[in-house]
Amino acid sequence: MSQKVGYNKNWYKEWFGEDYLIVYQHRDDSDARELIKLIVKNTTISQNSRLLDLACGNGRHAYLISEYTKNVVGLDLSSHLLHQAYKKKTTGQAPAFVRADMRHFPFNVKFDVIFSLFTSFGYFEDDEMHVHVAKEIYNSLNPNGLFILDYFNAAYVAERLIPQGKRTVGEIEVEEERWISDQRVQKKITIQRDGLTKTFHESVRMFELHELENLLSKAGLKIAKVFGEYDGSPYKKDSTRMIVFAEKCT
Ligand SMILES: C[S@@+](CC[C@H](N)C(=O)[O-])C[C@H]1O[C@@H](n2cnc3c(N)ncnc32)[C@H](O)[C@@H]1O
């Protein structure tokens, strides 16, 4: 029987490596390009704007947004994903990458736009820590700076949760079990590769829009716009995403 109760609180330190990139290989540059287009259309980013891709992973968004400004920094905790980011080839301006924990920003400069894309928030055990991250973001934004958060839409996920699924990705067999507990979407991922079995977890806080609004406001960030899809459709109850643009209140 599968073990669904509880989860490893440090799951995010273990999961975002080589296997993550294989399991989520459909989240590629073309997926990233659509979201970057939405961001560029709804901001006033220029060549001199300073941008931070918070939890940048392998840098897919950081590279694409570097077509619009020369000052892009990607921050992530995963050495493996950062290594992949460094290795990417570009004909244009390359972003800078830094390894750090989003709970402790290492910067002595401020940014015009900070973004956190593809559900890279809500990983910690309690909302106080999420507010703390939001305060780190606030403190690293210039006056009138913008925080953009691309998150899953909790209502959509709750209604369509597929409890179990198996698939083959390249050479690996992936089994995913999903459930909801403690206001979190929980996922157990079992990977079989070359006769070895590995297990990982994902556990992400489900936020309704009003909860996110409340959380961000505690850090001085005020939601100005919300989209429900990467194509710019407005947010609705059955949108797949919840993409918020929040302004720094001064
Ligand atoms: C779902 S992935 C998304 C990555 C990237 N934004 C993308 O769209 O490809 C979440 C990212 O958050 C990073 N991460 C997890 N916990 C972190 C932490 N405490 N501080 C900084 N980055 C973290 C992971 O290493 C991973 O790259």
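Please treat every number below as a calculation from the coordinates, not as lab data. Every value quoted in this text rests on a predicted model; they were computed, and no experiment measured them. Because the Cβ atoms are built from the backbone with ideal geometry, glycine has one as well, and the counts that use them run over all protein chains shown.
Can you list the HN-Hα couplings for the stretch 208-225, worked out from phi with the Karplus curve (6.51, -1.76, 1.60; θ = phi - 60°), rounded to whole Hz and with x for Gly and Pro?
Using θ = phi - 60°, the values come out as 7, 4, 5, 5, 5, 4, 5, 4, 5, 5, 5, 9, x, 10, 10, 5, 10, 8 Hz.
Take the chain, connect every pair of alpha-carbon atoms lying under 10 Å apart with a spring to form a Gaussian network, then pick out the residue of Gly228, Gly74, Gly59 with the largest mean-square fluctuation.
Checking each option, the largest mean-square fluctuation is seen for Gly228.
Mind jotting down a quarter of the surface of the convex hull over the alpha carbons of the chain, in square nanometres, one decimal?
Numbers: hull surface 53.5 nm².
Averaged projected area of the chain's Cα convex hull equals 13.4 nm².
Go through the stretch 116-128 residue by residue and turn each phi into a ³J(HN,Hα) via Karplus (6.51, -1.76, 1.60, θ = phi - 60°); whole Hz please, and just put x for glycine and proline.
Computed from phi, the couplings for the stretch 116-128 are 10, 10, 6, 6, 10, 9, x, 8, 8, 5, 10, 5, 4 Hz.
Please list, in chain and number order, the residues 5+ apart from Asn71 or on another chain whose amide H is under 5 Å from its amide H, with Hs placed from the backbone.
Excluding prolines and chain starts, which carry no amide H, the hits are Leu51.
At a Cα cut-off below 29 Å, give the lysines reachable from Lys248, other chains included and same-chain residues fewer than 8 away excluded.
Straight-line reach from Lys248, under 29 Å: Lys37, Lys41, Lys70, Lys110, Lys135, Lys218, Lys222, Lys225, Lys236, Lys237.
In sequence order, what are the phi-derived ³J(HN,Hα) couplings for the stretch 166-183 according to the Karplus relation 6.51 cos²θ - 1.76 cosθ + 1.60 with θ = phi - 60°, rounded to whole Hz, with x for glycine and proline?
Ordered by residue, 3J(HN,Hα) equals 10, 8, 10, 10, x, 8, 10, 9, 10, 10, 10, 10, 10, 7, 10, 7, 6, 6 Hz.
What is the antiparallel percent of DSSP beta bridges lying wholly in the stretch 48-177, to the nearest 5? Write down the numbers at each step before the final one.
Numbers: 6 of 23 bridges.
Here the share of antiparallel DSSP bridges comes out near 25 percent.
What residue among Leu196, Leu161, Leu64 shows peak mean-square fluctuation when the chain is described by a Gaussian network model with Cα springs under 10 Å?
Most flexible of the set in this elastic network: Leu196.
Which value, in debye to the nearest 20, describes the size of the charge dipole of the chain about its Cα centre when Lys and Arg Cβ atoms bear +1, Asp and Glu Cβ atoms bear -1, and nothing else is charged? Display every interim value, and only then the final one.
Details: 34 positive and 34 negative charges, 95 e Å.
I would put it at about 460 debye.
Using DSSP, restrict attention to beta bridges with both residues in the chain and report what percent are antiparallel, rounded to the nearest 5.
Numbers: 39 of 56 bridges.
Here the share of antiparallel DSSP bridges comes out near 70 percent.
Can you list residues whose amide H is under 5 Å from Asn153's amide H, if they're 5+ apart or on another chain and H is modeled 1.01 Å from N?
Distant-sequence amide H within range of Asn153: Arg241, Met242.
Which loop-located GluC sites (Glu not before Pro) does the stretch 88-166 contain, where loop means any DSSP state but H, G, I, E or B and the Cβ has at most 14 other Cβ atoms within 10 Å? Don't skip to the end; give the middle numbers.
On the way: sites: Glu125, Glu128, Glu136, Glu159; in loops: Glu125.
Qualifying residues, ordered by number: Glu125.
Along the charge dipole of the stretch 99-185, pointing to its positive end and built from +1/-1 on Cβ of Lys, Arg, Asp and Glu, which listed residue (Ser140, Ser116, Val169) has its Cα farthest out?
Toward the positive end, the furthest listed residue is Ser140.
Return one number: the angle in degrees, 0 to 90 and rounded to the nearest 10, between the long axis of the Cα atoms of helix 29-41 and the longest principal axis of the Cα atoms of the chain.
Here the helix axis deviates by roughly 30 degrees.
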